[in-house]
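Worksheet: one structure, shown below.
Laboratory data are not the source of any read-out in this text; all were calculated from the coordinates shown. All values derive from a computational prediction rather than experimental measurement. Glycine gets a Cβ as well: all are built from the backbone with ideal geometry, and neighbour counts include every protein chain shown.
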Amino acid sequence: MESEAPRPPQRRGIYLLPNLFTTGALFAGFYAIVAAIDGNFERAGVAVFVAMVFDGLDGRVARWTSTESAFGKEYDSLSDMVSFGLAPAIVTYQWGVARIAEYGLIWGRAGWLAAFFFAVAAALRLARFNTRAPADKRFFEGLPSPSAAAIVAAFVWFSSEWREPGLVGLIVVFVVTMVAGALMVSRFKYYSFKDINLGGHIPFRYFVLVPLAFVLIAVKPPVVLFVLFSTYALSGPTWWLLQRMRRKSTGVAAGTGSQPQLFENHDES
C-alpha cells in the first residue's frame, strides 16, 4: 500500500481587512469612554457615531471580499458590546449621575441604574442576535444596539450644550436611556435595510436625498441625528400598533356577517 502524503499544516490566522474595521469601531468606543471621563461629551458623542461607521463597514467588507469567519463574528460582537453597550452607558453616567445626585441619593441611584440597565439590555440584545436566527432577514428583532447607542449619544451630545439642565432635563436623559434599552430587548420588528442593493439602479430623486441628509446633519449634528434615529426607534412600536389595529379591524369585519344572537327565537307551532 502506498503511504499517503502528509498534509501540509493548516495555517492559523485571521483576515486582516474586516477585522481592522472592527478594531476601529472598538477604538472609537474606547475613546468615547475616555472622552466622557475627561468631560468632553461632544467628542464622546462623535466617537460613538464613528464606531457606527466602522461597524457598518466591517461586515460589508467581509462579504464583498469573501472573508467572513467565525472569529470575525465573535470579535464584532465583543466590539459592539464595548462601543454600543458600555460606551453609551458610561457617557450617560459621566454626564448625568454626578449632576442628578445633587438632588438626592435616590435620584443618584436611579440614574446609576438607568445607565446599568442600558448596558445589560445591549448585552442581552447581542446574545439573542448571536443565538437566534431571524425568520425574515429583512427585519431585526428589537432595536439594534448601534441605533440605541446613537439615540443616547446624540441626546447627551445635544444636552451637553446646556449650562444647567436642571432636574427635569436630567430625568429626560435617563428616561431616554432606559427606553432605548427597553426597545433593544423588545420583540418589535425593525427594518434591517439588508435587502437594499447598493450596486443597483435607483431613481434620481432618491439619490438627491443623500446630500440633503448630509447638509441637515452638518447644520446641527446632534439634533438631526437624534431625530433620525428616534424616528427609526419609533418605527418598531408604530408598525406593531398598525398591524394590531389592522388585525382587529379585519376580525370585526369578518364577524359582521354572522353576529351571534343574544336571545333564542322560538317559533310557535
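Taken as a whole, segment 212-233 holds at least one residue that is farther than 21 Å from Arg43 by Cα, under 24 Å from the mean Cα position of the chain (by Cα) and touching a residue at least 24 places away in the same chain (Cβ under 8 Å).
The set of residues in segment 164-193 being in contact (Cβ under 8 Å) with a residue 60 or more places away in the chain and more than 16 Å from Arg109 (Cα to Cα) consists of Pro165, Ala180, Gly181, Ala182, Met184, Val185. When restricted to residues that are surrounded by 16 or more Cβ atoms within 10 Å (Cβ to Cβ) and of a type in the set (Gly, Ala, Ser), segment 209-242 contains 3. Of all residues in segment 16-39, at least one satisfies being among the hydroxyl-bearing types (Ser, Thr, Tyr), in contact (Cβ under 8 Å) with a residue 12 or more places away in the chain and over 26 Å from Ala98 (Cβ atoms). Take segment 45-75 and flag every residue that is surrounded by fewer than 14 Cβ atoms within 10 Å (Cβ to Cβ) and within 19 Å of Val175 (Cβ to Cβ). Matches in segment 45-75: none.
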